[in-house]
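Encoded as structure tokens, the structure appears first; notes follow it.
The values are calculated or read from the model by the stated rules, or taken from the named source; none is laboratory data. Worth saying up front: this structure is predicted, and the values here are computed from it rather than measured. Note that we place each Cβ from the backbone using ideal geometry, even for glycine, and neighbour counts take in every protein chain shown.
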Amino acid sequence: MKRVAIALIALLLLGPAIFAKSMPKFIAFHDQGSGLVIHYPANWHRDLLPKAILTIDSFPEKKRPAQYLVPVGGASITISGEQGKPIEDVVKLNALTPQNGYRRQEIELSTAAGEIVATEFRAEPEAFPEGFWVVDVFIANGQTYKAVLFYRGATYKEKFEGIYSQILRTIEFPK
Amino acid sequence: MPLEVWEQNLADVIDDFLKRYKGISGSTPLQRVFTPSAGQYFVKKSQETGVDPSLVLGICKSESSMATNAHINGGPFNIYGDSSHFSHVAGSKTKLKHVLYSDYLAPTDTVFRTLSGYIAANLITTDAVYKRYEGEASWRRNVPMIKEVQKLLTGDPFDVRYQFDETRKKALAKLAEKFQKPLLSLTK
């Protein structure tokens, strides 16, 4: 019993330090158009996509394979504004449907703006070997946003989903 | 899901486009291999995946001249240039590492699924999509060909998601009239 208690105390004390070590350093990106401030890993690479607020890749552009978007062991995260569209319109326009291979669930996101209910979609489409999609559509301060994580390689789930979750938790929304 | 009037018009426009198409070795086999028709098959795939059929057919033209090019990289049915099938190069003795496509349906389903993933990731312009699909080295060369097909099929190179505004519905109704089809109303 004593050993278990000691182990638990050690975990509580060391936990944040271990977490901090596994998480990369984050830097802030301030988007003038949307007013969002997004914190993302400093060693990731920014990419410019039309109609996206921020797109970041865990790998340099020269490592990108044709067709599959990211290399195995790589990830890409995109955050976009959806011009106040209702969530169901975003779902329809992006075909985030069971017929298209997406599983849907409601989740609570802890963000700088408080708890936000997001509609999350997950898929592992065969067209992308070892590919995993996580799409969150949510409304914050009256605006609709879509956040997307795409990564390849099941063994990278904890790493990339941890970083994605950290990015969503720390987004600063305009008042 | 049943087709709306404007979707049926789009299906008819696609069928007419394929019927008239003359490629490297003549007419395209695509007008014959899909049921109930190529137009209806492509529109149904668009409903399912959210990808406009004009983009898919544009890629098909740029990669294989609508399946009329006899020397397609990755086998004769790799008509959308699926790079996972490039271990076989036409005319070379390279051993196959992957199962090649054996009909036109499987690569069509795959390209719709692939591009659907792109849309989820916010790649929604033709330039952005094709740059990722083809790779940095050669995407610029083919993009004008894709946009030409998109224009003929009333697609939008600035938003490749499957959608219809009033302008597109009217344009499709006008095109459908040319095929001497019964006049289709824009309302249900």
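Does A:D57 fit the bill of being closer than 30 Å to B:D82 by Cβ and either surrounded by 14 or more Cβ atoms within 10 Å (Cβ to Cβ) or within 14 Å of chain B (Cβ to nearest Cβ) (or both)? For A:D57, the condition - closer than 30 Å to B:D82 by Cβ and either surrounded by 14 or more Cβ atoms within 10 Å (Cβ to Cβ) or within 14 Å of chain B (Cβ to nearest Cβ) (or both) - is met. Of all residues assigned to segment B:7-23, none qualifies as being aliphatic (A, V, I, L, M) and surrounded by fewer than 20 Cβ atoms within 10 Å (Cβ to Cβ). Among the residues of segment B:35-45, those that are farther than 22 Å from A:Q67 by Cβ and away from chain A (no Cβ under 14 Å) comprise B:T35, B:P36, B:S37, B:A38, B:G39, B:Q40, B:Y41.
Restricting attention to segment A:88-136, the residues being part of a helix (DSSP H, G or I) and of a type outside the set (A, V, I, L, M) number 6.
For the structure I just gave you, tell me whether A:E124 is in contact with a strand residue (DSSP E or B) (Cβ under 6 Å, 6 or more places away or on another chain), without any contact (Cβ under 8 Å) to a residue 24 or more places away in the chain, within 14 Å of chain B (Cβ to nearest Cβ) and under 17 Å from A:V70 (Cβ atoms). Against the criterion (in contact with a strand residue (DSSP E or B) (Cβ under 6 Å, 6 or more places away or on another chain), without any contact (Cβ under 8 Å) to a residue 24 or more places away in the chain, within 14 Å of chain B (Cβ to nearest Cβ) and under 17 Å from A:V70 (Cβ atoms)), A:E124 qualifies.
The set of residues in segment A:53-87 being within 14 Å of the chain's Cα centre (by Cα) and part of a loop (DSSP other than H, G, I, E, B) consists of A:I53, A:S58, A:G74.
Among the residues of segment A:63-88, those that are closer than 30 Å to A:G142 by Cα and not hydroxyl-bearing (S, T, Y) comprise A:A75, A:I77, A:I79, A:G81, A:E82, A:Q83, A:G84, A:K85, A:P86, A:I87, A:E88. Could you look through segment B:108-125, keep only residues that are buried (at least 21 other Cβ atoms within 10 Å of the Cβ) and closer than 18 Å to B:S64 by Cα, and pick out the one that is nearest to the other protein chains (Cβ to nearest Cβ)? Only one residue fits best here, namely B:T114.
Any residue at all in segment B:46-66 that's buried (at least 24 other Cβ atoms within 10 Å of the Cβ), more than 21 Å from B:R132 (Cα to Cα) and either within 14 Å of another protein chain (Cβ to nearest Cβ) or within 13 Å of the chain's Cα centre (by Cα) (or both)? Checking segment B:46-66: not a single residue is buried (at least 24 other Cβ atoms within 10 Å of the Cβ), more than 21 Å from B:R132 (Cα to Cα) and either within 14 Å of another protein chain (Cβ to nearest Cβ) or within 13 Å of the chain's Cα centre (by Cα) (or both).
Scanning segment B:96-139 for residues that are in a helix (DSSP H, G or I), more than 21 Å from A:A52 (Cβ to Cβ) and among the basic types (K, R) turns up just one, B:R113. A:G153 falls short of the stated requirement of being modelled with pLDDT under 95 and small (G, A, S). The residue of segment A:92-121 that is farthest from B:R161 (Cα to Cα), among those that are surrounded by 16 or more Cβ atoms within 10 Å (Cβ to Cβ) and without any contact (Cβ under 8 Å) to a residue 12 or more places away in the chain, is A:T97. Here the condition is being facing chain B (nearest Cβ under 9 Å) and among the aromatic types (F, W, Y); of A:Y68, A:Y40, it holds for A:Y68 alone. Looking at this structure, is B:P144 buried (at least 21 other Cβ atoms within 10 Å of the Cβ), out of contact with any Pro (no Cβ under 7 Å at 6 or more places or on another chain) and without any contact (Cβ under 8 Å) to a residue 60 or more places away in the chain? Judged against the criteria, B:P144 is not a match.
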